[in-house]
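*Asks:* Sharing a structure here in structure tokens format.
The values are calculated or read from the model by the stated rules, or taken from the named source; none is laboratory data. The model shown is predicted, which means the values in this text are computed figures rather than measured ones. Don't worry about glycine lacking a Cβ; one is built from the backbone with ideal geometry, like all the others, and counts go over all protein chains shown. Ligands, DNA and RNA are stripped out before the accessible areas are found, and what is left, the full protein with its side chains, is counted by its heavy atoms. Shrake-Rupley method; radii C 1.70, N 1.55, O 1.52, S 1.80 Å.
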Amino acid sequence: MTTTLVTGATGYLGGYGLVEMLAAAPGRRFVLLVRAKEVSDARAKLWQGLQLHLDEKAFLEALERIELVPADLTAPRLGLAAPVRERLTGEVTRIVHAAASLNRRSETACLNVNQRGTLQLLDFAQGVAKRQQLERFVYVSTVAVAGQRQNVCVGEDEPLDFARRDYDPYARSKKFGETMLATMLAGESIAVLRPSIVMGDSRFAATTQFDMVQAFVAMAELPLLPLDPSVRLDIVNADYVGRAIAALHGAETLAETTFHASAGATAPTIGSITTALSRALGKRPPRCVAPLAQPTGRLVDAATALLPRRLSPRILRLLNAFWPYLTNNAVFDNARLGAHFALRPTPFTDYCGDLYLFARNHNFTYPARPYPASAPTQPATVSAA
Ligand SMILES: NC(=O)c1ccc[n+]([C@@H]2O[C@H](COP(=O)([O-])OP(=O)(O)OC[C@H]3O[C@@H](n4cnc5c(N)ncnc54)[C@H](OP(=O)(O)O)[C@@H]3O)[C@@H](O)[C@H]2O)c1
């Protein structure tokens, strides 16, 4: 059985990618590098993420095609014992790298995980490539690598511009990730997938990610909103991104390297989003007033006092960090996923009301089910053989 190595499968998008790949490539097994001490911890962590998609029976079936390997991208040699690394180098033929630190305020975390961690994974991939075995490396990047842009639809073929200002250390670290990939795996089959803001699923209301939902609800709950209602926000559904990961992973050949998983020209405006959310909230949409370039610390403090108690200062800080994304009116062309794989996002305004109602009804927390009693508890040894 051919083998794909996946990083970040316990995360939000990595989980979407994994379930789509399991379905699309029934003949493959998947080795997941998971940040955990023991295999049993890794399994419990995986269940936390995958229960959004799989019931207990489907999870147990999936485990039959999954090997969980405790690892850490930032540890020397990925934290893998030499014999395990050697075995995996011989087995793996495709790699999907979705792990990252999305902590926009921590340069240290972004540099460690997104640059140093990616460098170490690329070093492993070079070992696979040396054996003429590497069929594909898929890197989950972000549209934020385009840097600070205004009033534009960014093309998929635009080269990275290191002279341009970036939104934050996260965006810059992902830009370096793409550059390292192109350099270290030159001549190999590589694919770079750049999602825009990912929120919710177009097929069901449940989500495990609440920060951005809370931030958007905060905006819709305000009586006055200091944003231009005609500004477009590039938001996509996670199921679209999951299908894109699986498509780039499984395609025999790729005509392009870089693909935006974005809403592009059909991205909704702030006005249409707040109207759709307000409808779900059963209230009037906020009145948009003169836009603010960036909310000041004082404004954030004042807003904290005005907003409902469940909205923590953390959410307001998130809103603050995302402010440039909310004001710059930049969207990202998504023609390639449509042309090559017939993949198109669902408009956020079609499902954001249901997403909001799920989040509110569950107090912005996922109603997690405990680890299945029938699931294995004994660690399957990560053996070298
Ligand atoms: N969500 C979005 O809106 C969005 C938009 C554009 C691009 N992206 C990109 O999509 C990818 C996935 O994002 P996400 O939203 O799924 O993020 P997430 O939910 O925070 O998941 C991040 C994943 O990376 C893993 N990870 C972090 N540090 C690690 C380390 N040192 N060693 C091994 N694994 C580590 C995490 O493992 P633990 O479970 O141990 O924490 C988790 O599985 C990222 O590359 C991100 O840049 C996301």
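*Asks:* Skipping prolines and chain starts, which residues have an amide H placed within reach, meaning under 5 Å, of the one on residue 260, given they are 5 or more residues away or on another chain?
*Replies:* Placed amide hydrogens put 194, 336, 337 under 5 Å from residue 260.
*Asks:* At a 1.4 Å probe radius, carbon and sulfur cover how many percent of the accessible area of the chain?
*Replies:* Numbers: 8680 of 16600 Å².
Summing carbon and sulfur atoms, their accessible area is 52 percent of the total for the chain.
*Asks:* Continuing with this model, one more query. Using the Cβ atoms and a cut-off under 15 Å, what net charge is assigned to the surroundings of residue 46, where Lys and Arg are +1 and Asp and Glu are -1?
*Replies:* Local net charge: 0.
*Asks:* Please work out the average accessible area per residue across the chain, using the 1.4 Å probe convention, and give it in Å². Spell out each step's value before the answer.
*Replies:* Working: 16600 Å² over 385 residues.
That works out to 43 Å² per residue.
*Asks:* Still on this structure, I have one more. Over the C-alpha atoms of the range 130-222, what are the Rg and the largest Cα-to-Cα span, Dmax, in Å?
*Replies:* 16.9, 58
*Asks:* So what does the Cα-only Debye profile of the range 173-260 read at q = 0.12, 0.15, 0.18, 0.22 Å⁻¹, as log10 I(q)/I(0), no solvent term?
*Replies:* Computed log10 I(q)/I(0) values: -0.56, -0.78, -0.96, -1.15.
*Asks:* Expressed as an acute angle from 0 to 90° and rounded to the nearest 10, what is the orientation of the C-alpha long axis of helix 39-50 relative to the principal long axis of the chain?
*Replies:* For helix 39-50, the angle is close to 40 degrees.
*Asks:* Checking the a/c ratio against 1.5 first, then a/b against b/c, what shape does the Cα gyration tensor give for the range 54-104? Don't skip to the end; give the middle numbers.
*Replies:* Numbers: a/c = 2.18, a/b = 1.24, b/c = 1.76.
Oblate.
*Asks:* Working from Cα positions, state the angle (0 to 90°, nearest 10) between the long axis of helix 82-91 and the longest principal axis of the chain.
*Replies:* Its long axis makes an angle of about 80 degrees.
*Asks:* Helix 313-327 versus the longest principal axis of the chain: what is the Cα-based angle in degrees, 0 to 90, to the nearest 10?
*Replies:* Between the helix axis and the principal axis of the chain, the angle is about 80 degrees.
*Asks:* Assign one of three labels to the chain, namely rounded, prolate or oblate, based on the Cα gyration tensor with a ≥ b ≥ c the square roots of its eigenvalues; rounded applies when a/c is under 1.5, prolate when it is not and a/b is larger than b/c, and oblate otherwise. Present the calculation step by step, with values, prior to reporting the outcome.
*Replies:* Numbers: a/c = 1.85, a/b = 1.47, b/c = 1.26.
Prolate, because a/c is 1.5 or more and a/b exceeds b/c.
*Asks:* Among all the lysines, which ones have a C-alpha under 25 Å from residue 37's C-alpha, if same-chain residues fewer than 8 places away are not counted?
*Replies:* Within reach: 45.
*Asks:* Rounded, prolate or oblate: pick one for the range 35-132, where a ≥ b ≥ c are the square roots of the eigenvalues of its C-alpha gyration tensor, a/c under 1.5 means rounded, and failing that, prolate if a/b is larger than b/c, else oblate.
*Replies:* Values: a/c = 1.94, a/b = 1.18, b/c = 1.65.
Taking the square roots of the gyration eigenvalues as a ≥ b ≥ c, the range 35-132 is oblate.
*Asks:* Over the Cα atoms of the range 137-289, what radius of gyration and what Dmax do you get, in Å?
*Replies:* Rg and Dmax of the range 137-289, Cα atoms, are 17.5, 55 Å.
*Asks:* Quick one: which residues, 5+ away or cross-chain, put their amide H under 5 Å from the amide H of residue 66? H built at 1.01 Å from N.
*Replies:* Amide H to amide H, under 5 Å and 5 or more residues apart or across chains, residue 66 pairs with 30.
*Asks:* Exposed loop chymotrypsin sites (Phe, Trp or Tyr not before Pro) only (DSSP loop, at most 16 other Cβ atoms within 10 Å): please give the longest stretch of the chain free of them, not including the sites. Can you show the working numbers first?
*Replies:* Working: sites that count: 162, 204.
Looking at the chain, 205-385 is the longest stretch - no exposed chymotrypsin sites (Phe, Trp or Tyr not before Pro) with at most 16 other Cβ atoms within 10 Å.
*Asks:* Count the net charge of all other residues whose Cβ sits under 13 Å from the Cβ of residue 73, scoring Lys and Arg as +1 and Asp and Glu as -1. Before the final figure, lay out each step's value.
*Replies:* On the way: positive: 35, 77, 116; negative: 72, 123.
Net of charged neighbours comes to +1.
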